[in-house]
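Only one structure is covered here, and it is reproduced in the block below.
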Amino acid sequence: MTDAIYPATRHDGSIDAAEYDRRYAAAARDPDGYWREAGRCLDWIAPYTQVKDTSFEEADFRIRWFGDGSLNLAANCLDRHLATRGDQVAIIWEGDEPGETRHVTYRELHEQVCRFANVLKAQGVAKGDRVTLYLPMIVEAAVAMLACARIGAIHSIVFGGFSPDSLANRIQDCDSKLVVTADEGCRGGKRVPLKANVDKALASCPSVARVIVVRRTGADVPMNEDRDLWWHDAVAQVSADCAPEPLNAEDPLFILYTSGSTGKPKGVLHTTGGYGVWAQTTFRDVFDWREGDVFWCTADVGWVTGHSYVVYGPLLSGATTVMFDGVPNYPDHGRFWETVDRLGVTIFYTAPTAIRALMREGDDWVTRHSRTSLRLLGTVGEPINPEAWDWYHRVVGDRRCPVVDTWWQTETGGILIAPLPHATDLKPGSATKPLPSVLPLLVDAEGKVLDGATEGNLCIADSWPGQMRTVWGDHERFFQTYFTTYPGRYFTGDGCRRDADGYYWITGRVDDVINVSGHRMGTAEVESALVAHAKVAEAAVVGMPHEVKGQGIYAYVTLNAGEEPSEPLRTELRQWVRGEIGPIASPDAIQFAPALPKTRSGKIMRRILRKIAEGDTGNLGDISTLADPGVVETLVKERVG
Ligand code: 6R9
């Protein structure tokens with residue numbers, strides 16, 4: 001073994017190493033047969049006879065799973081559990097203030113979903129229509145998602161931290177008919193003006209005829225009589241019966257916008273059958289879910305992790321899932337562990353950035369709470385450094401709880417590479433091994449497949465049921481983005497190392513995407529926000545190492561002639577980007593650059609800008625192709641931070 005290793009602990013009834021090996025081999029040998037069986041984890045209205053129908057080749061490019069089956073995912077999350085677990089808690093909602101808690105049973109959730117589905121229908125929302133959700137982490141967010149799924153409408157959730165402009169872009173791109181929001185959100189004791197943001201966004205969104213507003217804080221918000229409805233009024237006026245719409249396995253379930261290396265965020269589209277199967281099986285297997293578990297994934301439903309592991313995976317499985325509307329450091333740094341104790345959380349899933357932030361505050365915030373209910377810990381969103389892994393394992397988990405480091409993407413629908421907690425020996429910092437049906441390949445820049453212990457670009461050789469199906473409105477962009485860099489393979493955009501034991505170590509993005517606190521940002525998006533400012537002539541954005549966020553945003557800004565660099569302007573530009581995109585995109589460092597290093601053909605040399613931002617200025621590599629090598633010297637001298 002090549003690295004520190006924590007042997008898998010045996011647990012009766014869990015998948016062990018032999019069973020993992022058996023499943024992995026079976027799925028590799030006969031994916032069709034494997035998923036024909038595994039697809040039965042869902043209840044189908046019309047059973048499928050076809051299973052895998054996929055090709056990554058340009059000539060017959062297609063991704064279809066269970067293509068002739070029909071089902072309804074809301075019915076799978078709710079109705080099928082009513083007979084056996086109607087009175088079991090489905091969602092424990094934990095508000096921003098500790099102890100501001102609501103328990104919602106499967107029966108209650110079913111009724112709320114049916115009512116809201118009827119509200120949507122009464123507003124003219126039909127199968128295939130898009131509905132944008134711009135909500136805090138409240139029960140109504142899950143209700144609205146499932147109500148869409150029940151009638152075959154496509155939900156598109158926009159994270160509540162995005163600006164009115166970002167919201168407007170995402171509404172326009174998919175032509176949403178209806179928006180669901182709240183008066184305000186609460187985060188760490190502060191208010192977020194969600195309804196006011198919607199009002200601003202809708203000035204440029206003529207497709208939206210109706211806004212439904214949840215009363216969350218009771219703030220006095222202006223209601224447009226022709227357009228806006230209160231959620232509580234609307235649900236009171238409709239019946240609590242709503243038959244689930246039978247949907248084809250390949251009917252769309254949701255759109256979720258995510259950043260890429262070029263252009264505007266892409267609307268990643270997931271469909272019903274394959275996504276449902278993937279969300280449920282990965283939830284059950286990776287988190288080793290058992291009856292009685294209280295599962296807490298701290299992600300917001302505005303991100304894919306919230307879709308798959310706050311809502312769909314747990315509810316499809318009949319689990320009890322925690323929805324958290326707060327932040328890790330409010331009212332103090334012990335919030336997670338105080339809440340774990342109070343709610344009896346058994347499985348806890350969060351992001352490395354949160355772990356690193358809490359680690360800095362000292363062990364005492366953790367150890368003053370018992371955490372005895374915990375039996376399994378997980379991470380997602382970015383590489384976890386071994387030091388943070390070790391702290392999580394040793395201090396939070398008292399060395400008792402396996403840590404599952406789960407690698408996946410918005411595009412993959414659910415986890416692809418992760419340990420199974422009682423099957424896989426753990427190595428801190430490694431997402432370990434692929435799940436059954438996941439065939440990772442490491443390739444070099446020319447696309448040559450690399451064998452054995454090596455490092456390269458991470459591709460996946462063949463389809464899995466949870467894979468995205470298209471980019472909303474731009475199927476060509478879907479193919480171009482993911483299947484042309486290495487023809488015949490899905491390219492993830494990540495770099496990766498494989499060790500002698502066949503373990504995978506994700507090294508981070510190899511494209512122009514940066515990962516800030518586990519949130520994906522396209523450098524191009526931040527650049528276009530910066531150049532939209534009247535004083536900015538040109539901007540180049542790169543990632544830089546950041547102790548807590550993993551990566552920070554480093555922006556080089558060239559001002560228009562006649563504009564002078566200044567501290568107030570720096571602050572103004574930061575505020576500007578917050579306003580254009582949202583707080584998560586605010587640059588950590590802004591360097592005013594008289595000029596940017598460019599090739600003679602005018603291409604910005606990002607490689608050099610990355611090195612300067614990283615402080616690695618001793619070794620800038622070949623700069624002889626630069627139009628004006630003198631530019632670099634100035635940049636190095638004036639580096640900030
Ligand atoms: C689920 C999610 C995807 C990108 C991905 C990679 C990074 C996610 C990771 C990880 C190392 C892990 N990433 N999980 N890197 N180890 N366990 O985060 O989706 O927001 O689309 O981001 O995040 O770079 O390509 P998404």
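The values are calculated or read from the model by the stated rules, or taken from the named source; none is laboratory data. Nothing here was measured: the structure is a model prediction, and the numbers come from that model. Every residue, glycine among them, receives a Cβ derived from its backbone with ideal geometry; neighbour counts consider all protein chains shown. When the accessible area is computed, the model is the full protein with side chains, heavy atoms only, and any ligands, DNA or RNA have been set aside. Shrake-Rupley method; radii C 1.70, N 1.55, O 1.52, S 1.80 Å.
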Restricting to segment 390-417, and then to whatever is under 14 Å from I347 (Cα atoms) and of a type in the set (A, V, I, L, M), can you tell me which residue is nearest to the ligand (Cβ to nearest atom)?
V404
Quick one: count up the residues across segment 218-249 that are buried (at least 17 other Cβ atoms within 10 Å of the Cβ) and assigned to a loop (DSSP other than H, G, I, E, B).
6
Restricting the first residue to segment 98-123 and requiring it to be within 30 Å of A209 (Cα to Cα), which pairs with a second residue that is among the basic types (K, R) and at pLDDT 95 or above meet a Cβ separation below 9 Å and a spacing of at least six or different chains?
V113/R150; C114/R150; F116/R150; A117/R150; L120/R150; Q123/K177; Q123/R210
From the list A182, A144, A149, A201, which residue is open to solvent by less than 30 Å² (accessible area, probe 1.4 Å), touching a helix residue (DSSP H, G or I) at 6+ places or on another chain (Cβ under 7 Å), small (G, A, S) and farther than 30 Å from V577 by Cβ?
A149
Out of all the residues in segment 55-89, which are surrounded by fewer than 18 Cβ atoms within 10 Å (Cβ to Cβ) and not in a helix (DSSP H, G or I)?
S55, E57, E58, A59, D60, F61, R62, D68, G86, D87, Q88
Please go through (1) out of contact with any His (no Cβ under 6 Å at 6 or more places or on another chain); (2) surrounded by fewer than 24 Cβ atoms within 10 Å (Cβ to Cβ) for I92 and return the number of the only condition it doesn't satisfy.
(1)
Residues in segment 560-578: is at least one crowded, with 21+ Cβ neighbours inside 10 Å, more than 16 Å from the ligand (Cβ to nearest atom) and closer than 20 Å to L635 by Cβ?
yes
Give me the residue from segment 431-441 that is within 15 Å of the ligand (Cβ to nearest atom) and of a type in the set (A, V, I, L, M, F, W, C) and, out of that set, nearest to A418 (Cα to Cα).
A431
Check segment 495-507 and report whether any residue there is at pLDDT below 95 and either part of a strand (DSSP E or B) or within 16 Å of the ligand (Cβ to nearest atom) (or both).
yes
Across segment 433-460, which residue is least open to solvent (accessible area, probe 1.4 Å) among those that are in a loop (DSSP other than H, G, I, E, B) and without any contact (Cβ under 8 Å) to a residue 40 or more places away in the chain?
V438
State all residues of segment 390-426 that are β-branched (V, I, T), over 16 Å from the mean Cα position of the chain (by Cα) and not in a loop (DSSP other than H, G, I, E, B); if no residue qualifies, say none.
V395, V396, V403, V404
(1) closer than 29 Å to C174 by Cβ; (2) in contact with a helix residue (DSSP H, G or I) (Cβ under 8 Å, 6 or more places away or on another chain); (3) away from the ligand (no atom under 16 Å from the Cβ) all hold for H475 apart from (2)
Go through (1) away from the ligand (no atom under 16 Å from the Cβ); (2) farther than 30 Å from L73 by Cβ one by one and return the number of the condition T353 breaks.
(1)
Checking Y554 against (1) assigned to a strand (DSSP E or B); (2) more than 16 Å from the ligand (Cβ to nearest atom); (3) within 30 Å of P419 (Cβ to Cβ); (4) not aliphatic (A, V, I, L, M): exactly one of these is not met. Which one?
(3)
Output the residues belonging to segment 122-138 that are among the β-branched types (V, I, T) and touching an Asp or Glu at 6+ places or on another chain (Cβ under 9 Å).
I138
Condition test on E572, is it more than 30 Å from A388 (Cα to Cα), acidic (D, E) and not in a loop (DSSP other than H, G, I, E, B)?
yes
Selection status of T262, hydroxyl-bearing (S, T, Y), in contact (Cβ under 8 Å) with a residue 60 or more places away in the chain and farther than 29 Å from V526 by Cα
no
If I filter segment 586-595 for residues that are touching a Phe, Trp or Tyr at 6+ places or on another chain (Cβ under 8 Å), open to solvent by 40 Å² or more (accessible area, probe 1.4 Å) and either among the hydrophobic types (A, V, I, L, M, F, W, C) or under 24 Å from G495 (Cβ atoms) (or both), do I get at least one hit?
yes
Is there a residue being part of a strand (DSSP E or B), open to solvent by less than 10 Å² (accessible area, probe 1.4 Å), closer than 28 Å to E291 by Cβ and away from the ligand (no atom under 14 Å from the Cβ) anywhere in segment 375-389?
yes
